[in-house]
Structure formats: C-alpha cells, structure tokens
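K.L.:
Mind looking over this structure? Questions follow.
Taken together, the values in this text are just the output of simple stated rules run on the coordinates, not laboratory data. Being a predicted model, the structure only gives us computed values, none of them experimental. Don't worry about glycine lacking a Cβ; one is built from the backbone with ideal geometry, like all the others, and counts go over all protein chains shown.
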Amino acid sequence: MSTIPLDYETLRLIWWLLLGLLLIGFAIMGGRDLGVGALLPFAARTDEERRVLINLVGPTWEGNQVWLVVGGGSIFAAFPPLYAVSFSGFYLAMIVILLALILRPAGFKFRGKIEDARWRTTWDWVLFVGGMVPALIMGVAMGNVLLGAPFHLDASMRIFYTGNFFQLLMPFALLAGLVSLGMIVTQGAAVIAGRTEGILAERARRYGIWAGLATILLFGLGGVWVGFMDGHVITSSLDPHAPTNPLAKSVELVRGGWLGNYRLYPWMMAGPAIGMAGMALAVLALWARRRLPALLASSAGIFGIVSTAGLSLFPFLLPSSSMPNAGLTLWDATSSPMTLFIMLLVAGFFLPIIVLYTGWVFRVMRGTVSTESLGKNPNAY
Amino acid sequence: MTDMLVVDLSRWQFAITAMYHFIFVPLTLGLSLLMAIMESVYVMTGREIWRKATLFWGTLFGVNFAMGVATGIVMEFQFGMNWSYYSHYVGDVFGAPLAIEGLMAFFLEASFIGLFFFGWERLSKLGHLAVTWLVALGANFSALWILIANGWMQNPVGATFNPDTMRMEVTDFMAVIFNPVAQAKFVHTVSAGYLCGAVFILAISALYLARGKHVELARRSLVVAASFGLASALSVVVLGDESGYVATEHQKMKIAAMEAAYHTEPAPAPWTLLAIPGADGEPAFSISIPWVGGLITTRSFDKQLPGISELVEHAQTRIRSGMIAYGALQDIRGGSDTPEARATFGDHWADLGYGLLLKKYRDDVQNATDEQIASAAQDTVPSVWPLFWTFRIMMGLGFYFIAFFGLWFYRASRGWIDTNKGLLWFSVCMLPLPWVAIESGWFIAEFGRQPWVVEGVLPTFYAASGLKVSDLVISLGFFTTLYSILFVVMVILMRRIVRAGPKDKLLPGGEDDEDFVIAALPANAATKEMGS
C-alpha cells in the first residue's frame, strides 16, 4: 500500500466526484439523444421531419451512450457494493431500461432501411419509448435512492433485497422521474431548436419552454417534499480510511435529514441554485431564440439537478430503508485503494482525450440539419 | 441457502445473452479491419471501386454493429443484476478491465463509428481513413480488455482474499493484464473474429459471382477475404493451440473433460479422435492417436496429463484445506480475530473457494462430513461429453478453414476466381460455419470452467443474486422474445441490403444524387413485401 501516493480518504472522495462527473456526462450527452427521442413523435410529424431529427442525433448517439457504459463500469470497478446492490435490487426496473436501450440502436439503424409507412412509424414509436422510458426510470431510481432501498446485508456481505417493482413507484419517486424526464426533454428541445430550421425548430422551442418550466416547478416541489421526508444521518464515527464494510456504522433516520448538508456546507446550495438557474435561463434562451445559450443553459441545469441529488445524499450513495446501518456510503462501499488508484490513473489519462475527440466529432458534424442536407448523404438514416 | 432454480435460470440467461451478443462481436472485429484495409487500398490507389466496396460492407457492418451495441450493454449490466455476490466478491479485480474497456476502447469505437457513416463528405480522404482505422482499433482494444476480464475468471492471478472486506482484491494489476491465459485468449478470439469477417465477405462475394452480379466489387472483395482469411485461419488454430496449452497449466480439469480423460495415461498420452460413452459415462469405444495428446497438451514426452479421477482426489484435499480457511475466516469476522486465526487463514486462503463448494450441502462448511466432501469434489467435474464434442467441432472447423482459405488463396493467386460455379455456391453455404466454431469455443471456455465462475475462487451457484424465480422468468421471457424478433428483422434487412447490392455511384453530389435508401431498396418492392 505504501506505493500508492494518495490516501484512501482522498481516493474515495475523488472517485465520488468522478462518478458524479460520469453520470452527469451521461445525463447531458446521452440526454440529448434521449430527449430528441422523447420528442420525436410530437416535434416531428412527417417522415421527412422525423428523418431530420433522427439524422440530427444519428452520427453521435453511439458515443454519447458510452457515458452510461463507462458510468456502469466505473460503479463496478470503484464501488462494487453499490453496483451489486443497485443493479440486482432494482432488477425489473433495470430490465425495462435495458429493453429500451436494446431497441433504440435498432430503431436508429433499421428505420431508414425500408421505405414503408408502417415500418417507419413502428420504429418511430420504438425511438420514442427508447428515449422517454430510460429518462423517466432513471429519475424514478434516483427518487428511490433518496427514499432508501429495502435491502440488508448478512455477515458474508450477501445482499437481500426485499422490495418489488411496484414499490418503486412511490409518489416521490414518480416526481423524481418527472423531473428527470423534464430536464431531458428540455435538453432534447434545445438540441432540436439549435440545429434545425423552420417549423421543427419552432415546435421544439415551444415544447422546450414548457418542459423547462415544468422541470423548475417539479424540482422545487421535490425540494420542499424532501424537507418532510426522512433522511439518513450517520451517528457513529466513521473512519474514512477503514477497509470497506458498510455494516460497521450506525445510522439514524431524521426528518428533513437530506437537507442537513446544506446547513453544514452552505456552498452546496450551488447545486440546486445552478439547477434552477440553468433551467430558467434555458427557458429564457429558448423564448428569445438564442440557440447555443439554450443548450448550454439546459446542460448547466442538468448538471445542477443531478449534483443536487448527489450532494443531498452525501456521504450516502444508496441508503437502506430496511436496515439503515447497511446503507452504502462513499467511505464504506468502495474498491481497495489499489484499484481506486489504478482506475484514477486510467480515467485521468483517457477522460481528457475522450473530451477532445468527442469535441472534434461534434465539430465535424456541426451545422444545421434539414431535408435538403439529408438528400446528399448516402448513409443517412 | 441458495435457490438452485434461480441459479440455473440465471445461468441460462447469461448463456443466452452472451452467446447472442457474440454473434455480432466477431463480425464487428473482422469487418472493421477488412473495411479499414479496403479503404486503405482506396486511399493509396485512388480507385473508386475500393471506396464503393468499403461503403457496401460498411452498410452491413452498421446493421451488425447496432445489434452489438444493443446486446453489449446487457452484458455489462447483467453482472450486477444477476450475479450480485460475484460483483461484490470480485468487483475490485474484475470491474477494472470492464471500466477500462469503456474508457479506452468503446468510447473510441462508438465516437468514430458515426463519422465513418456521416463523415465521407466532411472529411478529407486521409481523415476518413483515420476514422475507419480508429473504429477498428477501438473494436480490437475492446476485445483485449474484455478478454483480460474473462481471462481472470479462468486464471485469477494478481489478487488475494481480504478477510476484512470479504472479497478478492488486486495485489498486482500488471499480473492481471499480462495474465498468460488472457493474452492467449485475446489473440485466439480476435483471430476468430477476423476469420468470421473473411468468411462473411467471401460468402457474399461468391454469391454475387455465382449470379454474375457486381462482379468487379465481388472479385476484389473475394481476393482480400481469401488472403486475410488464410492468415486468420492459420493464426486461429496456432493460437488456439497456445490457449489450450496455457489451460493445461491453469485449468487441468477443463482439459481433462475436453479430452474425456477419466484416468491419467502414461506420458505421452494418446489423443482421442472420437469416442462413444458407455453406461458409466466413460469412453466405451474410442479411436485414439498415440502420443499426440501428451504432445499438444504438455508439449513434452514425459509430462503426464492428469485424468479426472486423480483431479477429483486432489480436489478433496483442497476442500479440506478450504474448510480450515472458512473456519478461520468465521473466527476473524465473528469476534475472535486473533493473530492465530489470521495466520491459519493466511496458510489456507487459496483453498477458500474449494471450501465454498460445500455451501451447496451445508451452511457451516467447516463441519462437513466425508460424504459431503466427496460430493463436493465430484462437483468439480464439468459435463464431459458436451465439452468433448464441441471441442472437436471447433477444432475440426479450424483445420477445415485453413484448407478452405488455402484453396481460395491458391485460386485467387492463379486468377481462377469465378470459373467454378459449384465452388462459388459451396462457399456461399459456408456462411454459418464461423459462428458454429466461435460459439463452440465460448461454450468450452465457460461451460468447461464449471462449477466455477472464477476458477478455484468462487463457485457459480454461490455467486448469483438472491432474485425471485418470477423475476427471472420475466427477464428471460423479455430477452428471448426481443432477441428473436430482432434477429429475424436483422437477417431480413441484411438480405435486402445484399440483394440490392452496392450502388453504382456512391459519391454524393454527383449526377446520381438520389437517396441511397431509395436506390438500394426500390420503394415499390419494399412496400409490396411489407404489405403482404
């Protein structure tokens, strides 16, 4: 262990930040494509219009989805207990997300290959479901994390999850799902409004304004709701350098406990503030037909909203409702220092490169997409 | 205790989703490299036909790639969903290569795949060529990290069990990366992918030539596929032999089962070509070639290849040692954490996995009876005959492909490409064979490792999530239905693309500036078929 130049506490904190970065990366980048998918049947009504939207995200959606793949892989590598509990506990919700993510690539790739109205309409609905459902369910999952998941651990660290799929659909979780859907639709609308012309851009602009306003309202409502909800608070001392063992602490449920961090660390208010301000600016920019500012503001809004969830939970990652002291925190649910350090080197090396070449790909594909521009490309979807 | 039905259903689901995913992966590996080669020829010679070939194979590649992406994410999520104890137990080691795969390889591949299709008019010739090579590079790096992860399941090096966290943890990451099993598997697997791509292109080109269509493109594609295929077939067999040799060292039971070697033979052991099992399961009749078995597995005249019964006896010893490790672990975690308990655990931890085999029979492993130990030792034997036969199918196909591509390579060098109609049609029929060999290979690798999910470290039944049977029935139902529908749709689409053939002018902006889709698939024909 002496060969690792960073202490365990620092590594754990860095990986918590990196996990947030990757998930926010997916929400912003993958959110573009999910949002466009969720708007597809509404913002675009003819085959031509739908082709424009599909080809708008067509060249980049595959790369954007890798943020999710890497997010999942990083939870596996850096937070194995979190990966084990969340993926097996939310089993059927995961299956629903997977169904959507299995159908989506086929929708992009298969739709355009046959020119038949029924064939294409079928895939349009697939793309709609493939965009809308993951956006909604991921929010519902986040809501359930704040509510605490019904799981406990035995002495050999085996997981017992005692809930079922329908218990995931609690009112607060559904609210969180709607916040997630709202912000992703705003993002999708900003993408469409930013890179199409005429009626498409106009429709997207209107949907975006309403989705943005709804997000602000629901997010605010969620904030008030959390004040009346039980939050988890660690009551024992917790050594951030200790080997991973979630059972070594004691936890108490406190009404409004998820707001405690904002009293302890007032700077954390930046999270919800950026979320609110970002969405408000996105609405304003859409209203004023300012293309790039709308996309940047809605991305900032997503950054703020997802951060708010993470900051409210800190140091929890996944609290347990049935055995609170088994709740997973960033201090007791990580990999070994060695693995965290190796993965930090790898992520530190590759993430900047990824950002650079992703930027280059977007630069190459820049410009508005229209029916005319599609006709020129033999590979268009 | 573990519900064995949940374990069995979880295994079925993993097997189905993994084998389905691996329909698309080898084609991605092979086609991406072949496309990069063809486009390189285009950039070097400037001849439009090579660009046309790149684009045409690229269209088929795109459909296949989408399926690979769709099914790949299931693979990643499934470890946590269905194998949560596995994820906890080995995530510290196994999660890292998966995450690195995403950061280093899949990001590269997936970011540039869009530019491959949409970047033709936006990039310079060299710029686009670079993009195609980056896609191929990404695909190959991806295979590397996935096989490092899988290699660790076969030969878990560079890690040790930490009683404080109750899991395996990395001690030497370089050992995990340079695991000889992983390296041998990687080169064997990517070679198989290249072979798959070569057969795909050769078979479709042969179809065109047999029908006298798209002759210019088909001839050129066939020549590239024949030479690339011969090199791939040679390397897949040679490197497969290497993979088997490495397994002899680390997975003796798997080798013994593949060879139906129930008893240790005097060195050098014969190699059983064919055998018929008798009533007791052991070979009743067999055709063997003297010496060959010992030579290929041990590469020596004097080293013995241990038989199944000797390995079972050895497993008994390790189970007894594992019981001591388990007892010490219970002490350490149960309050009597003494230096003596730690020392005992330190001496026996490497056999802890063998102790866990007893979990099938009782919870307090340290008190197992002799019969239970004997049963658990017997459990270390995988089903022999499925392995024996799939291995022979895979190996037979490997040698067959050398001959097949050798023939085509010879004919191509003589210029005898479209002279023999019978051979062309015969070659069309070869299309499914690479998948038969490849899926057999994965079957041997994974089924042959049973009862372990991580060889010697964690038994499969002990690694599953505590899901309900109904959860698995729902998910299995969803996956099989969806995968079947998508497979049929994909085959129909690929057939249409092949039937429509490459477009004569793919350069956008020229006089032939109609939409590729409309040109490739006549609208009226498509509508007619869909409507009927």
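K.L.:
For A:GLY231, which sequence-distant residues (separation of 5 or more, or a different chain) have an amide H within less than 5 Å of its own amide H, given hydrogens modelled in the peptide plane?
P.N.:
Result for A:GLY231 returns A:VAL254, A:ARG255, A:GLY256, A:GLY257, A:TRP258.
K.L.:
Measure out, as a whole number of angstrom, how far apart the alpha-carbon centroids of the stretch B:447-468 and the stretch A:224-290 sit.
P.N.:
Comparing the Cα centres of the stretch B:447-468 and the stretch A:224-290, I get a distance of 38 Å.
K.L.:
Projecting each Cα onto the charge dipole of chain B (Lys/Arg +1, Asp/Glu -1 at the beta carbon, about the Cα centre), which of B:SER40, B:ALA325, B:THR248 comes out farthest on the positive side?
P.N.:
B:SER40
K.L.:
Hey, another quick one. What residue among A:LEU330, A:GLY71, A:VAL133 has its Cα farthest toward the positive end of the dipole of chain A, where the charges are +1 on Lys, Arg and -1 on Asp, Glu, each on the Cβ?
P.N.:
Value computed over the given set: A:VAL133.
K.L.:
Can you tell me the length gained on complete extension of the stretch B:VAL215 to B:ALA15, counting 0.36 nm per residue apart and subtracting the Cα distance?
P.N.:
68.0 nm
K.L.:
Express in whole angstrom the spacing between the alpha-carbon centres of the stretch A:153-193 and the stretch B:336-396.
P.N.:
The two parts, judged by their Cα centres, are 40 Å apart.
K.L.:
I've got another one for you. Taking a ≥ b ≥ c as the square roots of the eigenvalues of the Cα gyration tensor of chain A, is the shape rounded (a/c under 1.5), prolate (a/b larger than b/c) or oblate?
P.N.:
Since a/c reaches 1.5 and a/b is larger than b/c, the shape of chain A is classed as prolate.
K.L.:
By the gyration tensor of its Cα atoms, with a ≥ b ≥ c the square roots of the eigenvalues, what is the shape of the protein assembly as shown: rounded for a/c under 1.5, prolate for a/b over b/c, or oblate?
P.N.:
On the way: a/c = 2.06, a/b = 1.03, b/c = 2.00.
In terms of gyration-tensor shape, oblate.
K.L.:
Using the Cα centre of the stretch B:109-223 as origin and beta-carbon charges of +1 (Lys, Arg) and -1 (Asp, Glu), tell me which of B:THR171, B:LEU217, B:SER111 is placed farthest towards the positive end of the dipole.
P.N.:
Of the listed residues, the answer is B:LEU217.
K.L.:
Per-residue Cβ counts within 10 Å, from other chains only, averaged over A:354-362: what number is that?
P.N.:
Per residue, the average neighbour count from other chains is 3.
K.L.:
Could you give each residue of the stretch B:115-121 its phi-based ³J(HN,Hα) in whole Hz, using Karplus coefficients 6.51, -1.76, 1.60 with θ = phi - 60°, and x for Gly or Pro?
P.N.:
Each residue's phi maps through the Karplus curve to give 5, 4, 7, 9, x, 3, 8 Hz.
K.L.:
When the dipole is taken about the Cα centre of the protein assembly as shown, and only Lys, Arg (+1) and Asp, Glu (-1) are charged at their Cβ, what size is it in debye, to the nearest 20?
P.N.:
3240
K.L.:
Cross-link list B:LYS125/B:LYS503; A:LYS109/B:LYS185; B:LYS52/B:LYS213; A:LYS113/B:LYS503; B:LYS185/B:LYS360; A:LYS109/B:LYS213: which exceed 22 angstrom alpha carbon to alpha carbon?
P.N.:
Beyond 22 Å between Cα atoms: A:LYS109/B:LYS185; B:LYS185/B:LYS360; A:LYS109/B:LYS213.
K.L.:
Just how far, in whole angstrom, is the stretch B:259-291 from the stretch B:116-195 if you go by their alpha carbon centroids?
P.N.:
If you average the Cα positions of each part, the centres end up 36 Å apart.
K.L.:
Let me ask something else. Can you compute the helix-only [θ] at 222 nm over chain A? Use -39500 (n - 2.57) per DSSP H run of at least 4 residues, normalise by all residues, nearest 500 deg cm²/dmol. Before the final figure, lay out the partial values.
P.N.:
Values: 14 runs with 256 residues, N = 381.
Value at 222 nm, helices only, nearest 500: -23000 deg cm²/dmol.
K.L.:
Tell me which trypsin sites (Lys or Arg not before Pro) from the stretch A:102-191 have a DSSP coil assignment and no more than 14 other beta carbons within 10 Å of their own.
P.N.:
none
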